[in-house]
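Take a look at the structure set out below.
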Amino acid sequence: MKKQLAVLLVAFSLAGCAEGNRFTSFISNAASIQNPVSIDDFQKAKTAYAALALPVANYRELPLCKKSKPFSISNFCAKRSVIVKLQEYDAYAYDTLEKAENYIASNQTLNLASVISAAKLAVQTYQDYAAKNGIKS
């Protein structure tokens, strides 16, 4: 009886080791999966946002276009509607970048893909609108 009990204990302990190996294998596989978005992507979004600041500021400094004298090569002017829309996109891009930066600072080990992706999208939308209206960074 003691031999059977010893054999059973050895069998259960070996089964436990096998389960442990499967678990550690799962953990190591999960740890090796790379995030599609990195901190570098966030830094690139911040850089793109900063690069757009001066051209947008220069556009805002232009005199406003008048109905009698619309924008042309000889008449450089800014459209009020474009300035308003740029301000909206600027505020949204700034807010998302700030939220992403705060989230990254307080959650170093969590998946940051959604926050960084939102920041990148906001900056890209801002850039696209600016470029569509002749403002190049």
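The values are calculated or read from the model by the stated rules, or taken from the named source; none is laboratory data. The shown structure was predicted, so the numbers you read here are calculated from the model rather than taken from an experiment. Positions of Cβ are backbone-derived with ideal geometry, glycine not excepted, and every protein chain shown enters the neighbour counts.
Assess whether Ser114 counts as being in a helix (DSSP H, G or I), without any contact (Cβ under 8 Å) to a residue 12 or more places away in the chain and within 14 Å of Tyr129 (Cα to Cα).
No.
Return a yes/no flag: does region 70-81 have any residue that is of a type in the set (Lys, Arg) and within 21 Å of Asp128 (Cα to Cα).
yes
Need the failing condition index for Lys85 against (1) loosely packed, with under 14 Cβ neighbours inside 10 Å; (2) modelled with pLDDT of 90 or more; (3) within 26 Å of Ser114 (Cβ to Cβ), just the number.
The one condition Lys85 does not meet is (1).
Hey, among the residues in region 45-70 that are outside any helix (DSSP H, G or I) and without any contact (Cβ under 8 Å) to a residue 12 or more places away in the chain, which one's farthest from Lys99 (Cα to Cα)?
Ser68
Please go through region 71-94 and give me each residue that is in contact (Cβ under 8 Å) with a residue 12 or more places away in the chain and part of a helix (DSSP H, G or I), ordered by number.
Matches in region 71-94: Arg80, Val82, Ile83, Lys85, Leu86, Tyr89, Asp90, Tyr92, Ala93, Tyr94.
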